[in-house]
Amino acid sequence: ILELPFLTGLDSFQDVLVKIERPSYNKPFLGGFRNVSTGVEFHNAGSQTKPKKRPDKGIQLFCKATQTVMEKNKPQQTRNTTSTQMTKIGLYVSNMTDKLITPGKYFTAEEYHKRRLEAVIVLQKYFRRWYAVNLVQNLKEQRRLRLELEAQEELQKKKEKEDKLRREYEKKLNPKTKEDFELLYHDLELWMQEETERINRTFTGAERKAALCALLEEETQLIACIGMHKLDANLENQQKSILHLLGKCAQPKRWKAYDGRITEMDTKDNLRGKELLEIYQSISTKDIPKDERTSVLLTLKCTVEEHECTLTEEIVALIDREVDLMSRGVKECNLEGLRKRICTLFLQYIKIPEFNPRVAGFVKVPQDPLKLYKNVYFCPSCEKYLAPTEFLIPANSHTIGRCRSCYRLDNEARKREAYFKYRLILENLRKSEADYQDDSKIVFLVQLPDLQYLIEKVWNCQSALSACSDLYDLVMVRWDKQREWSPWNTILLTKEEADAHLKICNLQKTYEGPFIYRIEQKHIRAKNYFSQIPAMSSVLHRGNNQANAN
């Protein structure tokens with residue numbers, strides 16, 4: 001608001017209040033001029049009263065904009081200029097290149113559409129023929145590929161079976177492990193049963209007794225031969241286990257970094273273990289020159305002299321004796337006993353944690369004698385105190401019983417059963433259950449005798465579908481894949497049948513009623529046997545309570 005003087009008369013003025021409203025929009029530029037001498041710009045002023053506001057009718061109105069089409073006419077000339085000329089007076093135009101066109105037969109719309117339909121039918125015929133030829137060729141190609149795949153799978157199965165038989169034959173020919181000798185004793189028992197049946201069927205009276213005595217003598221020789229192989233295998237396995245233990249003591253510490261790379265670090269303990277390993281390998285090597293042997297013995301002597309005790313003094317005395325005997329020209333065959341004694345004492349030296357700190361975490365016997373009283377059980381057969389891992393507890397056992405070595409010895413002397421095939425089935429079963437990652441526990445409680453009873457007595461050593469009796473081709477899987485594996489939730493099938501069974505979503509719709517009833521009866525038999533295990537019985541009762549609640 002401004003107060004401005006206003007002339008009312010000749011010499012009189014009156015102050016008037018002028019109210020200025022600032023518009024919310026920019027006024028348009030209406031031109032102006034500029035003073036040339038001063039450079040001041042003057043703009044033309046414009047005034048605009050406030051527009052009148054339209055009354056509100058209570059209806060929402062919208063502005064609608066229209067847009068006309070912009071048309072443009074542009075003439076265009078053809079590329080080739082053509083013209084026509086007719087014969088006239090004074091001008092002759094040749095008609096040699098003219099064509100005479102006569103109208104053809106007129107046809108109606110119905111005839112036109114009929115011709116179109118016939119043409120379409122012809123096209124469909126050729127297309128369907130082409131499609132049928134391609135379809136048949138694709139089916140033939142699929143059939144050929146499928147036959148090739150089946151032939152490859154059959155060849156692969158045959159090759160795997162031959163490899164298994166070859167490995168089993170090699171194990172029997174050159175037995176190295178306990179499983180290999182189990183197979184040998186099992187074959188020996190089968191051979192004894194066949195020969196006994198043949199003798200009982202062929203001979204009678206004194207001839208039968210003589211044949212049985214000869215058979216017993218032959219069995220005794222075979223057992224002695226197997227025992228010789230076992231002694232050799234034990235010596236070889238013992239040497240391998242010693243080198244394996246020393247190798248673990250010499251390994252550096254390893255850990256995985258954030259980027260996936262493995263980092264290794266040598267400590268004084270593993271360097272000490274590596275030094276002792278090299279010395280042990282040197283003194284265990286045979287047929288080396290005397291100079292190298294003397295150098296190895298002097299290195300060993302310097303190593304053990306770092307600690308003074310009865311064991312190191314005995315090792316030093318034996319080293320001096322061997323060096324003295326070699327200087328006198330004694331044959332190497334006469335020094336074998338002395339060298340074995342040095343190796344044995346040095347191995348005893350290595351297994352002492354005071355001399356080799358890394359060995360403390362690998363020895364079975366703890367250094368603290370008080371720990372032996374907490375977790376040790378007595379075997380009444382061999383009368384030894386052993387760790388709980390050395391005992392095999394079947395499902396029908398209520399006590400600790402005998403240790404594994406006594407069970408193995410009793411099996412070799414009487415039953416001579418081979419658990420190799422059952423062990424393969426159990427390993428495959430535990431591996432498949434671990435892949436489910438649903439905290440399965442029962443499968444790790446089942447032992448080999450329990451699985452043998454389950455396969456032989458409950459499932460009769462054959463597939464529930466195809467009755468295949470080759471244990472190499474059989475596997476155990478879940479009957480209902482939604483529940484944890486247990487002896488009352490399992491089925492014995494071949495590998496192909498197991499893969500197809502695990503893809504089934506609804507068992508009731510896939511299998512027939514009599515087959516499901518037969519499987520349920522086998523599950524009931526398994527429940528009655530395995531309910532003797534306390535852990536399994538608790539799981540069984542919990543499963544029954546959940547089923548009743550549902």
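The values are calculated or read from the model by the stated rules, or taken from the named source; none is laboratory data. Keep in mind it's a predicted model, so treat the numbers as computed, not measured. Note that we place each Cβ from the backbone using ideal geometry, even for glycine, and neighbour counts take in every protein chain shown. Please note that ligands, DNA and RNA were not included when accessible areas were found on the heavy atoms of the full protein model with its side chains. Shrake-Rupley method; radii C 1.70, N 1.55, O 1.52, S 1.80 Å.
Can you find a residue in the range 257-276 that is of a type outside the set (S, T, N, Q), without any contact (Cβ under 8 Å) to a residue 24 or more places away in the chain, assigned to a helix (DSSP H, G or I) and surrounded by 11 or more Cβ atoms within 10 Å (Cβ to Cβ)? Yes, the range 257-276 contains a residue that is of a type outside the set (S, T, N, Q), without any contact (Cβ under 8 Å) to a residue 24 or more places away in the chain, assigned to a helix (DSSP H, G or I) and surrounded by 11 or more Cβ atoms within 10 Å (Cβ to Cβ). Among the residues making up the range 296-318, those that are surrounded by 15 or more Cβ atoms within 10 Å (Cβ to Cβ) and charged (D, E, K, R) are K301, E314. Residue check: is I59 modelled with pLDDT of 80 or more, of a type in the set (V, I, T) and in a loop (DSSP other than H, G, I, E, B)? Yes; evaluated as a whole, the condition is true for this residue. When the residues of the range 399-425 are filtered to those that are in contact (Cβ under 8 Å) with a residue 40 or more places away in the chain and among the acidic types (D, E), the one that is nearest to E168 (Cα to Cα) is E417. Exactly one residue out of R321, R341, R293 is of a type outside the set (D, E), buried (at least 16 other Cβ atoms within 10 Å of the Cβ) and assigned to a helix (DSSP H, G or I), and it is R293. Taking the criterion of being among the hydrophobic types (A, V, I, L, M, F, W, C) and either part of a helix (DSSP H, G or I) or touching a residue at least 40 places away in the same chain (Cβ under 8 Å) (or both), the residues of the range 298-318 that qualify are L298, L300, C302, V304, L311, I315, V316, A317, L318. Exactly one residue among S381, S469 is within 30 Å of G513 (Cα to Cα) and open to solvent by 30 Å² or more (accessible area, probe 1.4 Å), and that residue is S469. Residue count for the range 403-437 satisfying the condition of being open to solvent by less than 60 Å² (accessible area, probe 1.4 Å) and more than 17 Å from Q447 (Cβ to Cβ): 4.
Every test in (1) closer than 26 Å to Y407 by Cα; (2) in contact (Cβ under 8 Å) with a residue 40 or more places away in the chain; (3) part of a helix (DSSP H, G or I) is passed by K176 save one, and that test is (3). The set of residues from the range 159-202 being within 39 Å of the chain's Cα centre (by Cα) and among the β-branched types (V, I, T) comprises just one member, T177.
For the range 242-252, check the following and say yes or no: at least one residue is in a loop (DSSP other than H, G, I, E, B) and either touching a helix residue (DSSP H, G or I) at 6+ places or on another chain (Cβ under 6 Å) or surrounded by 11 or more Cβ atoms within 10 Å (Cβ to Cβ) (or both). Within the range 242-252, one or more residues are in a loop (DSSP other than H, G, I, E, B) and either touching a helix residue (DSSP H, G or I) at 6+ places or on another chain (Cβ under 6 Å) or surrounded by 11 or more Cβ atoms within 10 Å (Cβ to Cβ) (or both). Kindly indicate whether Y169 is at pLDDT below 95 and open to solvent by 90 Å² or more (accessible area, probe 1.4 Å). When the stated conditions are applied, Y169 passes them. For L392, are the conditions met, namely being touching a residue at least 12 places away in the same chain (Cβ under 8 Å) and under 26 Å from the mean Cα position of the chain (by Cα)? Taking the combined requirement at face value, the residue does not satisfy it.
Only residues that are open to solvent by 70 Å² or more (accessible area, probe 1.4 Å) and not acidic (D, E) were counted across the range 204-221, and they come to 8. Of all the criteria given as (1) modelled with pLDDT of 90 or more; (2) touching a Cys at 6+ places or on another chain (Cβ under 8 Å), the one not satisfied by S284 is (1). Looking at L100, L91, L184, just one residue is surrounded by 10 or more Cβ atoms within 10 Å (Cβ to Cβ) and aliphatic (A, V, I, L, M), and that residue is L184.
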